[in-house]
1. Residue by residue through region 132-145, note down the ones that are of a type outside the set (Asp, Glu) and away from the ligand (no atom under 11 Å from the Cβ).
2. Consider only pairs whose beta carbons are under 6 Å apart and that are at least six residues apart or on different chains; among these, list those whose first residue lies in region 24-41 and is closer than 19 Å to GLN213 by Cα and whose second residue is polar (S, T, N, Q).
3. Within region 69-87, track down each residue that is more than 7 Å from the ligand (Cβ to nearest atom) and among the small types (Gly, Ala, Ser).
4. Which condition number does GLY149 fail, the rest of (1) of a type outside the set (Lys, Arg); (2) over 25 Å from the mean Cα position of the chain (by Cα); (3) within 30 Å of ARG110 (Cα to Cα) being met?
5. Of a type outside the set (Lys, Arg) and modelled with pLDDT under 95: which single residue out of SER20, SER62, SER15 fits that description?
6. GLU112 - would you say it is in contact with a Pro (Cβ under 9 Å, 6 or more places away or on another chain) and outside any helix (DSSP H, G or I)?
7. So the check is Cβ under 6 Å with 6+ separation or different chains; which pairs have a first residue in region 144-156 that's in contact (Cβ under 8 Å) with a residue 60 or more places away in the chain and a second one that's assigned to a loop (DSSP other than H, G, I, E, B) and within 16 Å of the ligand (Cβ to nearest atom)?
8. Could you pull out the residue among VAL109, VAL181 that is within 14 Å of the ligand (Cβ to nearest atom) and buried (at least 17 other Cβ atoms within 10 Å of the Cβ)?
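The values are calculated or read from the model by the stated rules, or taken from the named source; none is laboratory data. From a predicted model like this one, the values you see are computed outputs, not experimental measurements. Glycine gets a Cβ as well: all are built from the backbone with ideal geometry, and neighbour counts include every protein chain shown. For the accessible areas, the whole protein counts, side chains as well, though only heavy atoms, and no ligand, DNA or RNA atoms are used. Shrake-Rupley method; radii C 1.70, N 1.55, O 1.52, S 1.80 Å.
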Amino acid sequence: MQTAAQLAQLRRDYSLRTFSIDDAAADPLQQFDLWMQEALQAEVPEPNAMTLSTVRPNGTPSARVVLLKGIEAHQFVFYTNTQSDKGVQLSHNPAVALTFLWLELERQVRIEGTATLLDEATATAYFQSRPRESQLGAWASPQSRHIPGRKFLEQNFAEMQAQFAAEDLIPKPDFWGGYQVKPTRIEFWQGRSSRLHDRVLYTIDAQGQWQKQLLAP
Ligand SMILES: Cc1cc2nc3c(=O)[nH]c(=O)nc-3n(C[C@H](O)[C@H](O)[C@H](O)COP(=O)(O)O)c2cc1C
């Protein structure tokens with residue numbers, strides 16, 4: 001069978017759980033914490049993987065997966081190369097969307113908000129907590145730039161290994177850091193049968209309070 005025909009025939013009815021607006025926490029961050037706990041308990045692979053969508057200066061969208069590394073002061077934190085494509089895009093336009101897919105639980109969470117750079121002290125503390133190999137990898141990779149071949153990366157890595165061989169602590173590169181996303185809109189999606197899924201959307205009102213509403217699937 002051709003792929004297109006196979007794709008058209010793929011069908012799955014979602015029926016594991018329900019999510020009513022009355023059961024949804026008043027604070028979406030509390031609700032997120034609960035769902036993340038359930039994803040961790042269910043051993044969803046890479047439950048902290050999220051699609052980070054950004055906007056290029058010309059207005060076109062750009063998306064890739066990054067890892068959520070914490071929630072600090074009600075903001076979602078991830079780490080990356082600040083000179084990467086995403087870093088350059090964020091310096092022009094801080095508007096982002098974060099999308100989690102926890103298929104094993106038939107759940108999606110969509111977050112929209114604004115990203116700002118984390119302070120250097122927090123980024124440095126996190127960098128220092130990473131395995132040495134990852135730290136060297138960060139130094140060795142000009143993320144998002146064109147490279148002539150794999151050898152280039154391996155040589156860079158070997159050079160960094162040599163450069164820092166005598167150092168216990170590898171310093172955080174200036175071009176590496178964290179971003180925190182302040183959410184303005186968070187939607188929780190629970191798959192239901194007959195495509196009548198549950199969708200609960202939280203938005204911030206003029207008083208800065210979260211309000212929830214139901215959306216049609
Ligand atoms: C599961 C998974 C987790 C990832 N986590 C990160 C991450 O935390 N930080 C990061 O910079 N890239 C991460 N990546 C790689 C990014 O998807 C992407 O390739 C890279 O950041 C370059 O994106 P850019 O060129 O749009 O800046 C991850 C990829 C996958 C598949």
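1. Applying the first criterion (of a type outside the set (Asp, Glu)) to region 132-145 yields 132, 134-145.
Matches in region 132-145: ARG132, GLN135, LEU136, TRP139, ALA140.
2. Short answer, once both residue conditions are applied: ALA24/GLN31; ALA25/GLN31.
3. The answer is GLY70, ALA73.
4. (3)
5. Details: SER20 fails: modelled with pLDDT under 95; SER62 fails: modelled with pLDDT under 95.
Criteria check complete, one pass: SER15.
6. When the stated conditions are applied, GLU112 passes them.
7. SER144/SER84
8. On the way: VAL109 fails: within 14 Å of the ligand (Cβ to nearest atom).
Sole residue among the options that is within 14 Å of the ligand (Cβ to nearest atom) and buried (at least 17 other Cβ atoms within 10 Å of the Cβ): VAL181.
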